[in-house]
Amino acid sequence: MTTENRNIVERALAKLLETGDFDTLEPLLRADFVHHRPDSTSRTRAEWLAAARPVPIGDMQVEIRHMLAAGDHVVMYSKRQLPGAGPGIAVVDIWRFEDGLIAEAWEIIEPVAQAPANFGWWKSADR
């Protein structure tokens, strides 16, 4: 399933970037799909699709740096940028598959310009 899951992600991303339409992903998401956010909140499939639709993905430049698949998980690290919008973002996506569909997703986004400030996140301002 590892190779098949990776192929599903690659095909889905190609279709998404080609069409700019997040609804192309809906058939790949389980009905009970959950999108986990870094702030410990989560969204259902319908909530995530509604939140994602306004993203101008068709205009976005996406450079996939790494994609790894193991068991029922696929992990991707990418750099994304909108034309003329500065240095862009670095993103880690994690997808968990169940029965050939995406059951869960995690997404961590860091603005590239802010990355140096995060290298010493453990240091307090008063040290």
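Quick look at the numbers
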| quantity | calculated |
| --- | --- |
| Gain on full stretching of the segment that runs from HIS66 to GLN114 - 0.36 nm per residue minus C-alpha separation | 15.2 nm |
| Modelled FRET efficiency - R0 35 Å, TRP122 with ALA50, Cβ distances, 0.05 increments | 0.45 |
| DSSP beta bridge pairing in the chain, given as percent antiparallel to the nearest 5 | 90 |
| Two-site label geometry, ARG37 and LYS79: point separation in nm, points 7 Å out along Cα→Cβ | 2.8 |
| Degrees between helix 2-19 axis and first principal axis of the chain (Cα, 0 to 90, nearest 10) | 80 |
| Cut-off 15 Å between beta-carbons: net charge of the residues surrounding ASP39, Lys and Arg +1, Asp and Glu -1 | -1 |
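The numbers here are math on the coordinates, done by the rules we state, and not lab data. Keep in mind the model is a prediction, meaning the values are calculated, not measured. Every residue, glycine as well, gets a Cβ built from its backbone with ideal geometry; the counts of neighbours run over all protein chains shown.
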